[in-house]
Every structure is written in structure tokens, then in C-alpha cells.
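Reviewing the structure listed below.
Where a number appears in this text, it was derived from the coordinates with a stated rule and is not lab data. Keep in mind that this is a model prediction, so the values were computed, not measured. Please note: Cβ atoms are built from the backbone with ideal geometry, for glycine as well, and neighbour counts cover all protein chains shown.
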Ligand code: CMC
């Protein structure tokens, strides 16, 4: 503990909250040493294999799996809310041609609070539920429009006859523009990636959502803060860095020299290592299988061979074994996104769509938690004290 006796009193100095639990939560459990990830008690492997993103969203938000009636109603409600107000479309069209899609997403999610002023009434459970449904429903529409905007193409409206992920693919690529968009294996891979990204307990963006939400502002403003946190390269951007690294390595024969450089401390093996997982990130195993499924459709990417060989060598190398460095969620996801013809700027948008139910589940938990206070950490003050102000005409 560090003491700032004249300021805020006794405070534990913990930059980055490495040892501070900021909340109680029953949403997601992680055991990093054993490589375990569970949503509401269900192992991620089972959810990825047997569930769908919308069912997982229901589970996260409600805390239990839906009955058939509840599931049908949930899917119906989400589907019913996929359209966004025409003025939001005009708002997005006002961005520069080269605007980053994450900037567009953050701004348009924040702007939605002005279209739904009813969202400010966070004490009404029905109203909270409506905003949660709106947000999960509209994120793919906003994400797809940000993508079309960067390409200078007209935005595609939602098609509510399609599934959640199928509709997203349709708004991105219009079936006619991508030879892969209508393939079930592609839809399943993307849906699985959304499931794997749906929550990860107190990561930086969930913390941002909670911190802003603790002021009791509407959920659009809170989620916009989450998108902002995710935008940062230390949070949402590592899969893009993996692709750049694989491209730089170029061919399998160059791997040993690259690994030596990593061991010498020249650079990091991107997509390896994790603050929490000191074992295989369970999401990485599932993504690797999905990558193989996607490449069956799209044809293989030479970078996949480099990635697989790199993983094999690293997992047997003492440097990585000793430090418990294993592939993380980002090691293979960028390869899938690239195979689906997403530009790197879109990778984080896909992450944001997947993470939305997690943000909202944590927001809901926060606003219902009687013990929760406004997020207002202490500080250790290191500046001057008690100076005497000298006016400009004397000072200059
Ligand atoms: N390549 C080589 N060495 C590494 C790596 C790596 N990827 N990651 C950690 N190390 C070494 C590090 O040099 C240190 O060695 P030493 O003890 O000799 O100084 C040791 O392992 C511990 O590293 P650390 O930086 O204390 O570990 P951390 O828990 O603070 O960092 C991390 C976690 C994810 C930032 C880090 O592993 C890293 O930079 N990985 C590469 C980037 C990456 O893949 N990021 C995506 C993370 S998953 C995202 C998500 O879950 O949302």
C-alpha cells in the first residue's frame, strides 16, 4: 500500500488494476492456469460446437439457457430491430471516405443515444431489455455499413429472412459480390468467432463499459466507450499484427531465424502469450479448427502453413515452454478474416459485434448491483502543493 496522507488517504497503488477486483460478476469464469473459459458456467468448447451466437447472447444476458419459446421470441425480437434510423445512415455517410470503421462504429453507437432518449431510463427492466435487444440487433448493421463506406459502395439494408450472421454477411458483401458469403461453413465459422469473443470477464473494454455505466448513463454511451477501448491496438488489434508477422516471415524456412530473434528479445511472437492464460487459450484451439474449415471453402492460404509450423516449433521450444507462452485467440483469427476478404481495419469491428452481448450483460449486472458505486479510483498525488499564484503581468 502507498499512502498519500494529505490527499485521498491510504490507497493501494495498482496501475492497470492488476490486483484489484472492481466488481462481483456471475457472467464469465476463467481459470488461466488450466485454460478454462466458461460463460454462465458452460464451457466455451460446448457452446462453440453446439450453440449459436444468438443463443449464447441470450445466455449471457439472462444468465440461463432459453426454452424454445424464449429462444424464438429472442430471435424474433433481435431480427425485428436490425434496421437503423435513416438519419443514422446519413450520419455515417458524412464520414470521410477513409474513416476507420471502428471510429465510425464508436461514433454511431454513441449517436444512437440521441435517437433513443428513452434509454436514459435505466431503472425500468423492460426498457433495459429493449435497449439491449436494439444494440445486439443493430451492431452488425452499423459494422457492415462502416465496411461498405470505406469501399465507397452503397449500404445494404438488413434482410430479416436470414440468420443473424447470414444477414451480416449479406449486408457486407451482398451475396453476389463474394463467392463465399452464402456458404454455410463460412456462416458457421463467423458465428463461432462471435461466440468465442462474446465475453472475457474484466478486459479493458468491459471495464470501460462498467466505468462509464457506473455513472448511470444510457447503455449506448457505455457501449460506445467499450468500442473506444477495443479500438486500441493493445486490446483489439493483435490479430492484425499476427498477419503482418506471418507475411514478414514469408516462408517456412525462415521460421528458425525468426524464433531466434524472438528469443533474443528483438520482438515478440504475436498471437502468443496472455496475461491470464498460462496454458493453451481454449479459444485458440477452436479457432484453429474453424480456420481449417474456412480454408476448405476458400482454398488454403500459404500463411496458414507458416502459422502451423511456427506454433509447432514454439510449443516445443524451451523459451516458450518455460514462460508458459501458448497461442492465444488472435493467432488464427486474422487468417480466417483475411480469407473472407476483410481488410485488417475490419478485424476489430468483428470483435466488437461479438463482444456486444458481453458488454451488455456486464452493464446489466452493474446497474442491478446495489453494492456498485460510481467508478472513481484513488490516486497517489505526485505534484506540487500550496503554491502562490503570481498574475501574468507580474510573471512576464
Ligand atoms: N513472444 C515472446 N516472448 C513473450 C511473449 C511473446 N508473445 N509474450 C510474453 N513473452 C515473454 C516476455 O518477454 C517475458 O519474458 P522474460 O520473463 O524473460 O522477461 C515473459 O514472457 C512474460 O511476459 P509479460 O510481458 O510479463 O507477460 P504479460 O502477461 O504482461 O503479457 C501479453 C501478456 C499478451 C501482452 C504478451 O504475451 C504479448 O505481448 N503477446 C503478444 C501480443 C498478443 O498476442 N496479444 C494478444 C493477447 S490476447 C487478446 C485477448 O485475449 O483479448
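Side notes on the structure shown:
- Burial order of peptide ranges 115-124, 73-82 (average beta-carbon count within 10 Å, highest first): 73-82, 115-124
- Cα pair distances exceeding 24 angstrom across the range 55-149, given as percent: 29 percent
- Approximate spin-label separation residue 201-residue 253, in nm, with each point projected 7 Å along Cα-to-Cβ: 4.6 nm
- Shape box of the range 313-396 [Cα atoms, principal axes, largest first, Å]: 66, 42, 33
- Across all directions, the shadow cast by the convex hull of the range 294-335 built on its C-alpha atoms averages 3.2 square nanometres.
- Mean sequence separation of contacting Cα pairs (under 8 Å, at least six apart), scaled by the length of the chain, corresponds to a relative contact order of 24 percent.
- Taking the range 130-283 and dividing mean pair separation by its residue count, relative contact order in percent (alpha carbons under 8 Å, at least six apart): 13 percent
- Long-range tail of P(r) for the range 219-327 (Cα pairs > 16 Å, %): 65 percent
- Taking all C-alpha pairs of the range 105-250, those more than 26 Å from each other amount to 35 percent.
- Placing pseudo-labels 7 Å out from each Cα toward the beta carbon at residue 285 and residue 373 gives an inter-label distance of 4.2 nm.
- For the range 205-238, the residues whose backbone nitrogen is under 19 Å from a point 7 Å from the Cα of residue 121, taken along Cα to Cβ, are 216-221.
- Enclosing the Cα atoms of the range 31-93 in their convex hull gives a volume equal to 130 cubic angstrom per residue.
- The label-point distance for residue 76 and residue 129, in a model that sets each label 7 Å from Cα toward Cβ, rounds to 1.3 nm.
- Peptide ranges 17-25, 313-321, 330-338 listed from the most packed, as the mean C-beta count within 10 angstrom indicates: 330-338, 313-321, 17-25
- Summarised as an ellipsoid, the chain has semi-axes of 34, 30, 23 Å, derived from the eigenvalues of the Cα gyration tensor scaled by 5 and square-rooted, with the largest first.
- Computed over the range 1-98: relative contact order in percent, which uses C-alpha pairs under 8 Å that are six or more apart: 12 percent
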